[in-house]
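Heads up, the thing below is written out as structure tokens.
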Amino acid sequence: MSDAPKRRLVDQLGVSPTFVAEGSRFTGDVETSGPLVVCGAIRGDGRVGGALSMAATSQWEGEIHAQAAVVAGRISGKLVIEHKLEVGASAVIHADIVAGSIAVAKGAVIDGEVTITSGQPIVRFEEKRHRAGQHAEPISSQADRRARTA
């Protein structure tokens, strides 16, 4: 098996994740022994035994505990991450955060106290990927360029 970095979310998660689909609304406490992918809305506390991945369309109100997390959606409450927390540019977090380490993209909003348990500084970065619905250049421009280079 290759030692190449795993780029797809499902490859990184390792085991089959639990999904909350876009348009879904879940009320109540959530507990999973493995990873959780949220694209919809949750109202309640959560304990995630693996990695938490929250899409830009996601919302969560409550206290969340997870091993690691990538957040691009909205959170209000409290966020406790054992290891690494990555906050995407589209994230809006109105919560106190406790994490082993944290990386925050330019454009993210964090309203709350941030505690880093490892003592490492906050890493700031600029997202290179384009969000869904955004293109680096119009498709017609790409076609025109290909026509000129052909």
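The values are calculated or read from the model by the stated rules, or taken from the named source; none is laboratory data. Everything numeric in this text was worked out from a predicted model, so none of it was measured. Cβ atoms come from the backbone with ideal geometry, glycine included; neighbour counts cover every protein chain shown.
Worth pointing out:
- Hey, E127 touching a strand residue (DSSP E or B) at 6+ places or on another chain (Cβ under 9 Å), surrounded by fewer than 18 Cβ atoms within 10 Å (Cβ to Cβ) and modelled with pLDDT of 95 or more or not: no
- Matching residues, the stretch 44-63, being free of Cβ contacts under 8 Å to residues at least 24 places away in the same chain and of a type in the set (V, I, T): V48
- All positions within the stretch 56-68 that are aliphatic (A, V, I, L, M), farther than 13 Å from V30 by Cα and crowded, with 20+ Cβ neighbours inside 10 Å: A68
- Any chance V98 is within 15 Å of the chain's Cα centre (by Cα) and buried (at least 17 other Cβ atoms within 10 Å of the Cβ): no
- Residue list for the stretch 84-102, restricted to those being more than 15 Å from L52 (Cβ to Cβ) and of a type outside the set (S, T, N, Q): A89, V92, H94, D96
- Filtering the stretch 20-51 to residues that are loosely packed, with under 15 Cβ neighbours inside 10 Å, of a type in the set (A, V, I, L, M) and closer than 16 Å to V80 by Cα leaves nothing.
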